[in-house]
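Data first, discussion second: the structure below is written as C-alpha cells.
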Amino acid sequence: MNKDLIADIVIYGSALGIILWAILKSIGIINSPVWIEMLPYILGGSSILGISYKFGQFSKEFEIIKNKINHLIKIEERFSKIENEHNLCLQGKLKLH
C-alpha cells in the first residue's frame, strides 16, 4: 500500500475519530474510563504524525525539483556560453586553435 495513502488514512481517520468521540461524549453515550478519555489525545497525536510525514514528503519532493532546476540553469549557462563563442567565431572576433 502506498505510504501517502496510509498517511492520508491516518490523518482523516484521526480527525473523524476525534469528531465522533466528541459527539458521543456530548450526548452521553460515552461514560468513559480513563483510556477513552485519552482517545482524543491519541488520535490528535496520530494526526500530527501523519501530517509530519506528508510535510516530509513534500519537502523531499521540493528538494528534488530545486536540484533539477539548478541543473537546468547550469545547462542553460553553458549553452549561452557556447552560443556566444560560436557567434564570436562567425564574426571573426574569436580564434579557436
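The values are calculated or read from the model by the stated rules, or taken from the named source; none is laboratory data. Only a predicted model underlies this, so the values are computations on that prediction, with no experimental measurement involved. A quick note on method: Cβ atoms are made from the backbone with ideal geometry, for glycine too, and the neighbour counts reach across all protein chains shown.
Summary table
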{"item": "Residue satisfying all of: in the range 36-85; β-branched (V, I, T) and more than 17 Å from the chain's Cα centre (by Cα); farthest from W21 (Cα to Cα) among these", "result": "I82"}
{"item": "Tabulated pairs, the range 22-39, first among the aliphatic types (A, V, I, L, M), second modelled with pLDDT of 80 or more, C-beta under 6 angstrom, 6+ apart or interchain", "result": "I30/L24; L39/W21"}
{"item": "Pair list, Cβ under 6 Å, 6 or more apart: the range 49-70 residue on the phi < 0 side of the Ramachandran plot, other residue in a helix (DSSP H, G or I) and among the small types (G, A, S)", "result": "G50/A7; Y53/A7; K54/A7"}
{"item": "Pair list, Cβ under 9 Å, 6 or more apart: the range 1-21 residue exposed (fewer than 15 other Cβ atoms within 10 Å of the Cβ), other residue basic (K, R) and modelled with pLDDT of 80 or more", "result": "D4/K54; D8/K54"}
{"item": "Residue in the range 33-49 that is closer than 20 Å to N2 by Cβ and not small (G, A, S) present", "result": "yes"}
